[in-house]
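Asker: Pasting a structure below so you can have a look.
The values are calculated or read from the model by the stated rules, or taken from the named source; none is laboratory data. Here the structure is a predicted model, which means the values were calculated and not measured. Neighbour counts are summed over all protein chains in view; Cβ atoms, including those assigned to glycine, are modelled from backbone coordinates with ideal geometry.
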Amino acid sequence: MALATLALSSKYASSFAGDVRRLEGQSCMLEAPRVVTIRQGARNINRSVQIMNVASVPSTESGSNTKSYVRVGVLGASGYTGSEIVRLLALHPIFQVTLMTADRKAGQSLSSVFPHLLAQELPDLIAINDADFSKVDGVFCCLPHGTTQEIIAALPTNLKVVDLSAVLSNADEATFLFRNDLAELCNIFQLILQKEAVYGLTELRRDKIQSARLVANPGCYPTSVQLPLVPLLENQLIEKDGIIIDAKSGVSGAGRSAKEANLYTEIAEGLHSYGVTNHRHVPEIEQGLTEAAGSKVTVSFTPHLIPMSRGMQSTIYVQMKSGITVDDLHWHLSDRYKNEEFVRILPKGAVPHTHHVRGSNYCFVSVFKDRIPGRAIILSVIDNLVKGASGQALQNFNLMVGVKEDCGLLQQPLFP
């Protein structure tokens, strides 16, 4: 087997050249595939890792002739998804943040905006117009939905890009235009980028992501819904009609900007629906399910905001095909994801809680028999900021540059 898990063209290879930098307790890059011993708690675990072959390039550090990391930029680092990427990258042995933008916070340190990141050595925040993209190998774009497309279109074409906005997640132009809140953004940049972008639902699009330059990171709701439903639709175990999705998200899913609807007194001690019948993630969900089913899928989707900072649960009601049982659904999902690190199908009868995945890149799924004959209930929980955003973005970026997919993402959920 070749050393490279991603065959970079010569156009891109030099951007990701570098020797291996190791952190004690984790290794993501090796000269050749081999088994290494990783210290985890009180046990030594043998894990086989493999990564692309890389070459040495001049280093900017005195006394060294090589650089030992992939240089990463975070655009929109003062938002929740941007800061979450920075937090996750603190444990990444290969990626190093060398550029962070935040126009309204330009000139400040990130620790002054997010004090919990004080211990990291990071560059100061700058305005995006002052960014020197020749000094990064790839970027995470964490900008608001309405400001993304022209900035990405202007980036050097040698950069690997993961876009966390909702702008590029619909490959179909008509579907995009249906999204009333974003329709005014449709322009030549948008349409060109949509044709190039690969949809980054990692476990289901891995092969395409590995060779992509631009990845459209899925939204949080689409991730929690599609991971359990796509395999079931692909294998014709459930009906494509009558799918009902009752989804609930923590407040961080609404972003960090000051909004009256997000004030403490507006949210605390209650629960409310929003985006009823027209949430911007509905076309993204239906696009993925339609592709899986082979014909048009229309879902009933209602999201709710609940008074917690992070976490997401999608409760999904489906009609099973004739002769199919809940045991069949559970077996198939278990078989489909048996080799996946981050998607776990729980034992029968186990109920996943949002607390069980808090702060982690995991998705926990459980399947139950409904009281209505022939129907099933699927519970899917994620951390909306990690698997629903920044963690999946890092998972995708790892694949794009040939780094082991789970590198920097194996921290366990935080409980209580």
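Asker: Which of the following residues is surrounded by 20 or more Cβ atoms within 10 Å (Cβ to Cβ) and modelled with pLDDT under 90: Gly270, Gly253, Gly219?
Answerer: Numbers: Gly270 fails: surrounded by 20 or more Cβ atoms within 10 Å (Cβ to Cβ); Gly219 fails: modelled with pLDDT under 90.
Just one listed residue meets the conditions, Gly253.
Asker: Only one of these conditions is not met by Val351: (1) loosely packed, with under 14 Cβ neighbours inside 10 Å; (2) hydrophobic (A, V, I, L, M, F, W, C); (3) within 20 Å of the chain's Cα centre (by Cα). Which number is it?
Answerer: Exception for Val351: condition (3).
Asker: Could you please give the count of residues in the range 331-366 that are free of Cβ contacts under 8 Å to residues at least 40 places away in the same chain and aromatic (Phe, Trp, Tyr)?
Answerer: 2
Asker: Would you mind telling me which numbered condition in (1) within 27 Å of Trp331 (Cα to Cα); (2) modelled with pLDDT under 95; (3) not basic (Lys, Arg) Pro416 fails?
Answerer: Tallying (1) within 27 Å of Trp331 (Cα to Cα); (2) modelled with pLDDT under 95; (3) not basic (Lys, Arg), Pro416 fails exactly one: (1).
Asker: When you go through (1) of a type in the set (Lys, Arg); (2) buried (at least 17 other Cβ atoms within 10 Å of the Cβ); (3) more than 17 Å from Ser249 (Cα to Cα) one by one for Lys387, which number turns out not to apply?
Answerer: Failing condition for Lys387: (3).
Asker: Would you list the strands (runs of 3 or more DSSP E) that sit entirely within the range 43-151 and hold 3 or more residues that are modelled with pLDDT of 95 or more and touching a strand residue (DSSP E or B) at 6+ places or on another chain (Cβ under 6 Å)? Can you show your working first?
Answerer: Details: elements: 43-49, 70-75, 95-101, 138-141.
Of the strands (runs of 3 or more DSSP E) lying wholly inside the range 43-151, those with at least 3 residues that are modelled with pLDDT of 95 or more and touching a strand residue (DSSP E or B) at 6+ places or on another chain (Cβ under 6 Å) span 70-75, 95-101, 138-141.
Asker: Please enumerate the residues belonging to the range 267-313 that are touching a strand residue (DSSP E or B) at 6+ places or on another chain (Cβ under 8 Å) and among the hydrophobic types (A, V, I, L, M, F, W, C).
Answerer: Hits for the range 267-313 are Ile267, Leu271, Val276, Val282, Ile285, Val299, Phe301, Leu305, Ile306, Met312.
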